[in-house]
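Shown next, in structure tokens, is the structure this report addresses.
Each value in this text was obtained by applying a stated rule to the coordinates, not by laboratory testing. Note that this is a predicted model, so its numbers are computed, not measured. Note: ideal-geometry Cβ built from the backbone for every residue, glycine included; neighbour counts use all protein chains shown.
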Amino acid sequence: MILVTGATGTVGREVVRRLPRDLAVRVMVRDPSRVEGAAPGTEVVAGDYGDPASLDRALRGVRRAFVLTSRVGRDDDARFLRAARSAGVRHLVKVSAAAVADEGADDLITRWQRTNERLLMDSGTGWTVLRPRAFMSNSLSWAASIASEGVVRALYGTSANACVDPRDVAAAAVCALTEDGHEGRIHTLTGPQSITAVEQAAELGRLLGSPLRFEELSPDRARARLRERHPAEVVEALLACAERQRAGAKAGVEDTVLRLTGRPARSFRTWAEDHREVFCRMT
């Protein structure tokens, strides 16, 4: 039995869609009604990292599990690891972040991910860690301003990030969940080239048939916009990440997706073409 957590999220839902149909799969989500794309016979259970009884139910009989946590600063990983050990789970595949390997990264989010990785590696359970760069899907946050103003706004528009298609992260996770040879390994996942926000805006403009204007945000304006969606300490962590990107820390490209899946990582152009209808609905 394979358990998938976060099955309604950007990566988790793609993992569910890509797992072989002949495997026994269970998904754990807070709201089972939101699960889409699961194969017939997939077991869907309600669960939450903060509810030990629900974790015990979700992990009963599970041999391998996909673990994705997102509540920064919470002890969700520790809770899940305790329950997984008690249930006898043999292998955990966790989504972390590429910044963990950067000695210059000391923001709240990266420290939290480092702590979670150490907990996993010291747990006595087999493990695989996936460290993706930023998701290409983050550009969906521009859809509203593209629709209303034909504008993309971002901080440090000429800084490059080797962002990755979430579908490639999911494909790597499926490899680790279904193949031997991944235990004790760390897979850093990037796109095929680094790209700036200005270049992404230009690509989206070509796709939509109308040039988009890029407007660079000042750090103060970016901080104000981020505070509309995140706690202050998370906002400062995101701004620190942006500073590291401006310094070139996120531009490195890896061929991990090709090595794991046998095909190259998808480009931003491919991701945008495949999600064109989202932006078209907004225009």
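Sort out for me the Cα centre separation of the stretch 154-178 from the stretch 63-93, rounded to whole Å.
If we compute the Cα centre of each part, the gap is 22 Å.
Only Cα pairs under 8 Å and at least 6 apart count here; give the relative contact order of the stretch 88-222 as a rounded whole percent. Each step should come with its number before you reach the end.
Working: 197 pairs, mean separation 39.8, N = 135.
Averaging sequence separation for qualifying contacts and normalising by length gives 29 percent for the stretch 88-222.
Grab the Cα-Cα distance for ALA24 and ARG223, subtract it from 0.36 nm times how many residues apart they are, and report the gain in nm with one decimal.
Values: separation 199, 0.36 × 199 = 71.64 nm, distance 4.47 nm.
Taking 0.36 nm per residue and subtracting the Cα distance, the gain is 67.2 nm.
Pull out a ≥ b ≥ c, the square roots of the eigenvalues of the alpha-carbon gyration tensor of the stretch 25-173, then state rounded if a/c is under 1.5, prolate if not and a/b is larger than b/c, and oblate in the remaining case. Please list the in-between numbers first.
Details: a/c = 2.23, a/b = 1.44, b/c = 1.54.
Here the stretch 25-173 falls in the oblate category.
Quick one: order CYS280, CYS163 by neighbouring beta-carbon count within 10 Å, fewest to most.
Details: CYS280 13, CYS163 23.
Starting with the residue having the fewest Cβ neighbours, the order is CYS280, CYS163.
Over the stretch 154-283, what relative contact order in percent results from Cα pairs under 8 Å that are six or more residues apart? Working shown, then result.
Working: 158 pairs, mean separation 56.1, N = 130.
About 43 percent, as a whole number.
For LEU258 and GLN193 in one chain, what is 0.36 nm times their gap in residues minus the Cα-Cα distance, to one decimal in nm?
Using 0.36 nm per residue and subtracting the Cα-Cα distance, I get 22.1 nm.
What is the distance, in nm, between label points placed 7 Å from the Cα along the Cα-to-Cβ direction at ARG269 and at HIS230?
3.1
Please order HIS230, HIS187 by the number of other Cβ within 10 Å, starting at the fewest. Don't skip to the end; give the middle numbers.
On the way: HIS230 14, HIS187 22.
Result, fewest neighbours first: HIS230, HIS187.
For the stretch 194-205, in order, what is each residue's ³J(HN,Hα) by Karplus, 6.51 cos²θ - 1.76 cosθ + 1.60 with θ = phi - 60°, in whole Hz (x at glycine and Pro)?
3J(HN,Hα) across the stretch 194-205, in whole Hz: 7, 8, 9, 5, 4, 5, 5, 4, 5, 5, 5, x.
Rounded to the nearest 5, what % of the DSSP beta bridges within the chain are antiparallel ones? Walk me through the intermediate numbers first.
Values: 2 of 33 bridges.
Close to 5 percent.
Rounded to the nearest 500 deg cm²/dmol, what is the calculated helix-only ellipticity per residue at 222 nm for the chain, with -39500 (n - 2.57) per DSSP H run of length n ≥ 4? Kindly include the intermediate steps, with their values, before the conclusion.
Numbers: 12 runs with 116 residues, N = 283.
That calculation yields -12000 deg cm²/dmol at 222 nm.
State to the nearest 20 debye the size of the charge dipole of the stretch 146-283 about its Cα centre, where the only charges are +1 on K and R beta carbons and -1 on D and E beta carbons. Mind dumping the intermediate values first?
Values: 19 positive and 20 negative charges, 69 e Å.
With Lys and Arg at +1 and Asp and Glu at -1, about 340 debye.
Which whole-number percent is the relative contact order of the chain (Cα, under 8 Å, 6+ apart)?
Values: 528 pairs, mean separation 50.8, N = 283.
Relative CO of the chain lands at 18 percent.
Once you list every other residue whose beta carbon is under 14 Å from the beta carbon of LEU92, what net charge do they have if Lys and Arg are +1 and Asp and Glu are -1?
In short, +4.
Using 7 Å Cα-to-Cβ label points, what is the SER141/GLU243 separation (nm, one decimal)?
It works out to 1.8 nm between the two label points.
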